[in-house]
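The values are calculated or read from the model by the stated rules, or taken from the named source; none is laboratory data. What you are looking at is a predicted structure, and each value in this text was computed from that prediction instead of being measured. With ideal geometry, Cβ positions are generated from the backbone for all residues, glycine too; neighbour counts draw on all protein chains shown.
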Amino acid sequence: MTGTGSIGRRLTLLLAGVAALLSVLSWWMVTGLARQAAERTQDNVLAASVTTIAETLRSEQGEVRLELPYSAFSMLGAISEDRVFYLVATGDTVLTGYEDLPVPRELVPSTGRVVFDTGEYSGEEIRMATVTRLVLAGTQPVPVNVTVAQTRRGVASISAELSQLAAFLSVAFFLVAVSLSAFAARTSLKPLNEIAAAVSRRGPSDLRPLRRAAPTELAPLMTSLNRLMDRLGQSIRSAEDFIAEAAHRIRTPLATVRAQAEIALRSAKDEDQKQRLRQMIRAVDESSRSAGQLLDHATVIYRSDDLVRSPVILSDLVRQTVAGLEPTAAMKDIQLHVDAIPAEAEVDPVLMDNALRNVLDNAIKYSPPETVVRVSVSNADGEIRISVRDQGPGLGEGPADQLTQRFQRGNNTQGIVGSGLGLTIAKDVLEAHGGRLELETLNEKEGTCATLVLPSS
Amino acid sequence: MRYLLVEDNTELAEAVVNRLALDGHAVDHAASLSEAEDCLAVAQYDLILLDVMLPDGDGRDFLARKRAHIETPVIVLTARSQVSDRVGALDQGADDYITKPFDFSELEARCRAVLRRRGGESRNEIRLGSAVFDPLSGTLRNGDESIDLRNREIRLLEVFARHKGQILSKSQLMDRLFSYDAEVTENAIEVYVGRLRRRIDGMGVRIETVRGLGYRMETGEA
Amino acid sequence: MRHACLAILLSCLASIVSALEIEDHRHFPGTGDRILKVISTADLEVFEPYLKAFQVSQSALSIDYTVVSSAELHRAIRGGAEFDLALSSAMDLQFQLANDGFAQSHRSEATAGLPDWARWRDLIFAFTAEPAVVVLSTKRFDGLGLPTTRQELLTLLREYPDRFEGAVGTYDVRDSGLGYLFATQEARSTDAYWRLSEVMGRLNPQLYCCSGQMIDDVATGELALAYNVLGSYAAERLARDSGGRVQILRMEDFSNVILRTAIIPATANETAGAGALIDMLARLGQREAPGSWPLPPLGQTGADNLGGFGPIRLGPALMVYLDPLNRRAFLTEWENAMEQH
């Protein structure tokens, strides 16, 4: 999973990156436009000012005369606190104003058209507007240039202000875009998460194909996933078939051997021979039982990782399991007595049945004939307790815990077929459910009590 | 009782057939599903013992198919022992299952348990003097009196009842009563026979000791 | 060493001073070596309290205070004379200095507190707002109603030419920068200005360079009225002269309000001291009540101006009448009106 990171994060980052780019771009454009607009405003005012001055140009007794109108400068003062310079000249002759203003000297005498220029004066950048007007001086028309210049501080401050506003808006836009991106990423990934959830919700053996409406982009994933599950299902099925086949192939001859041995045992006269036949049968039983419990244990471990819990009425489950073992108990004239209150819990019924079966099987196995095995279900202090009491020889010496360890058998098990896995299976099942297995010897040789403890839901 | 055993392993089938015959059951053997179909077509059975892995198919599929129109109880013989397989077998309509290899005593016990649960007709009742004995339900009635019997007493009585007049050795009886590895001696048989004698006292039947050979049940009619 | 420095400084000062037409000059010694050279149009009597107050907080700073006319001040700063602070009531000239790059910027908390119209680009700062008023002699107006508008004044002058012949005083706008500012602004604002000028011109008006002399002549009764006198000077004079010989009138139709402004010339050395004095003046300009200070604060005249006109705007428009062509045209017209004899 490392290295490629989360798609959600990548998508968010990508969209955020785009948003950042757009934000910067929009900020840059707005700043540029703001500056342009501010400059155009200044140009317009300069043009108006210079035109107002030019309109006062007149000829008086052969001399060019003019009058600076008050409004020509007051309008400049109205837009900003910028320094104002001006120059009125005809050719090289300065009529009035700032002589050293860097006006472009070769101006086209196009009447009425305002020419703009940018320059530097008095240590500051200035914007100049110049208009040329022909004035009749004597008999000759003389071109008179009127220039009004203004520093650009107002332009700069307006565009800085707007740029700041634009920056603020860009940041806001960016933040909104990022949160929207995160939302969009989450929304687009929702079907993916839903598929993941649907897959993870499934039980360990549920390999049916996923049938969900999925976006087109996820269709290949769904197809591959379904194909994978199909293959997995097939391979599990073939493995299961193989195991079944193998078990059949091994167990059926074993059953034959056992049956024949039992028949031989019946007809055998010699005690030595009988003993050998008994040992043979016992060996067959042990091997079959061990194989069975090993497989059961594997199943328990496999299913414990991903419990398929469903609400189960434990008292019913106990009764069913007990009923299944009744013939076995009857063989020894052992009575199975059930005393159960209705208790419900969220458990894996297959595993719980297995755990209880193992405990009961043990109890029946170690009980002397014509005794009673009592099974009770109680619910108290947030715990459901399924107790199995026998009237057997008890657990014997040694810590009870050891009995639940794999392949450990008690001290009192001589002559009884067992693999030592039964209690381990029960313990594992209970622990997978958040419960525990309690084992205790009841008062002096009065049997064993094995209790399956589950947290009540 | 008439049993149908569906099992492809001939040796095992033979052993089972022989064993069940000892209890007086008639057992037909089918080595495949198609043979089983044939048997079911011509005869009525009280119980079917069905192996799951057969040369021409899966016994469980067969079971699922047949379940719709055959009410005969079925015990599945399975080589699989995994929890899920066991549960599966029951879900598919089996009444019980038994994993291979199995103890004959257990097989018998399960057969009886299934038959009892299915509440089979009382046509297997055996008259014992003035009393009527139903080995399946384990009831022994003498007129209005009903006598309580323990499981092993029922088993023992059944053996005697099915072999009236025959001498049965202690070892024969032990085979029928106990699992092969039960830690019992022939004394135990004496104890059970003693108990049984007290139960059937006054019914016109008795169990005689044939010195050196075993026991024999004598009834008035015989 | 210290004396030598002082000697050199004094000689330098002397060389500049010699080029100037100085009206008054005083040195306020401080305890330190630093000297703040102030060039101002405000008379010493008017401005001394401010300097004294300043020296209380800046005792180390010596102040060299030179009084000149507004035109002289303008000329001196343009000519590169070394002053640390230029204070003038001729706001047009001050503005032109700032516009043309003869001022350096100053920014402080005190100047930031000034209203927008009282500063321009952190170069020029207003600290008083003073109206132009009419000062009249009680004795010479005996039996006459006091005029409240230019129209009434005109009627009065027309009806009693004998009383006012040679007894009307006003600025000689050719010499006085402030007079020129008042005249041009009034000419721009009301057409009554030229009619009034013509009527005054027929009465053989007395022309003055400065407010002080004009008010003195009204006090003695030599003048019946002085037109366009800086109100603050008149008020200050009125406070000193008892006896009710002089009365101040503010025209109700319109009256000019000028801003007395400060700039730090580009040539200034003692900018810190100059800044501190500007800050003090700016704070005083923002005071609520007039108090005992000789000059009014910015707010007062602006707010209760009956005509509803604010002070003359600090802006490039002020430079319009400074343009030589415009000035020549205006002066020609003024002379035609004023000098009819």
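Scanning the stretch C:258-278 for residues that are more than 18 Å from C:Asp116 (Cβ to Cβ), touching a helix residue (DSSP H, G or I) at 6+ places or on another chain (Cβ under 8 Å) and in a helix (DSSP H, G or I) turns up C:Ala276, C:Leu277. The condition of being within 30 Å of A:Leu136 (Cβ to Cβ), crowded, with 16+ Cβ neighbours inside 10 Å, among the polar types (S, T, N, Q) and modelled with pLDDT of 85 or more holds for only one of A:Ser49, A:Ser71, A:Ser23, that being A:Ser49. Picking from residues in the stretch A:295-336 that are of a type in the set (Val, Ile, Thr) and more than 21 Å from A:Gly435 (Cβ to Cβ), the one that is surrounded by the fewest Cβ atoms within 10 Å (Cβ to Cβ) is A:Thr328. Count of the stretch A:197-209 residues, restricted to those that are loosely packed, with under 12 Cβ neighbours inside 10 Å and either within 12 Å of the chain's Cα centre (by Cα) or in contact (Cβ under 8 Å) with a residue 40 or more places away in the chain (or both), is 1.
Per the conditions (1) free of Cβ contacts under 8 Å to residues at least 60 places away in the same chain; (2) not in a strand (DSSP E or B), the sole criterion not satisfied by A:Pro143 is (2). On inspection, A:Lys269 passes the criterion of being out of contact with any His (no Cβ under 6 Å at 6 or more places or on another chain), outside any helix (DSSP H, G or I) and basic (Lys, Arg).
Looking only at the stretch B:1-56, residues that are more than 22 Å from B:Ser179 (Cα to Cα), among the acidic types (Asp, Glu) and surrounded by fewer than 22 Cβ atoms within 10 Å (Cβ to Cβ) come to 7 in all. Is it the case that the stretch A:281-294 has a residue that's part of a helix (DSSP H, G or I), without any contact (Cβ under 8 Å) to a residue 24 or more places away in the chain and surrounded by fewer than 19 Cβ atoms within 10 Å (Cβ to Cβ)? Yes, that holds for at least one residue. The helices (runs of 4 or more DSSP H) falling completely within the stretch B:5-86 that include 1 or more residues that are of a type in the set (A, V, I, L, M), within 14 Å of chain A (Cβ to nearest Cβ) and under 30 Å from B:Ile154 (Cα atoms) map to B:10-22. Please work out if B:Ile207 is out of contact with any Phe, Trp or Tyr (no Cβ under 7 Å at 6 or more places or on another chain), surrounded by 15 or more Cβ atoms within 10 Å (Cβ to Cβ) and not in a loop (DSSP other than H, G, I, E, B). Criteria not met by B:Ile207.
Residues checked against (1) closer than 17 Å to C:Leu318 by Cβ; (2) of a type outside the set (Gly, Ala, Ser); (3) not assigned by TED's automatic domain parsing to the domain that holds C:Leu178:
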site	(1), (2), (3)
C:Ser69	no, no, yes
C:Glu72	no, yes, yes
C:Asp84	no, yes, yes
C:Ala103	yes, no, yes
C:Pro115	no, yes, yes
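Of the strands (runs of 3 or more DSSP E) entirely within the stretch B:106-180, those holding at least 1 residues that are buried (at least 16 other Cβ atoms within 10 Å of the Cβ), of a type in the set (Gly, Ala, Ser) and more than 11 Å from chain A (Cβ to nearest Cβ) occupy B:131-134. Looking only at the stretch A:69-80, decide whether some residue is assigned to a strand (DSSP E or B), touching a helix residue (DSSP H, G or I) at 6+ places or on another chain (Cβ under 8 Å) and touching a residue at least 12 places away in the same chain (Cβ under 8 Å). Within the stretch A:69-80, not a single residue is assigned to a strand (DSSP E or B), touching a helix residue (DSSP H, G or I) at 6+ places or on another chain (Cβ under 8 Å) and touching a residue at least 12 places away in the same chain (Cβ under 8 Å).
Given the conditions (1) closer than 30 Å to A:Asn379 by Cα; (2) not assigned by TED's automatic domain parsing to the domain that holds A:Arg357, which single one is not true for A:Gln260? The number of the failed condition is (1).
Being within 11 Å of chain B (Cβ to nearest Cβ), within 29 Å of A:Ile250 (Cα to Cα) and not in a strand (DSSP E or B) holds for only one residue in A:Val359, A:Val300, and it is A:Val300.
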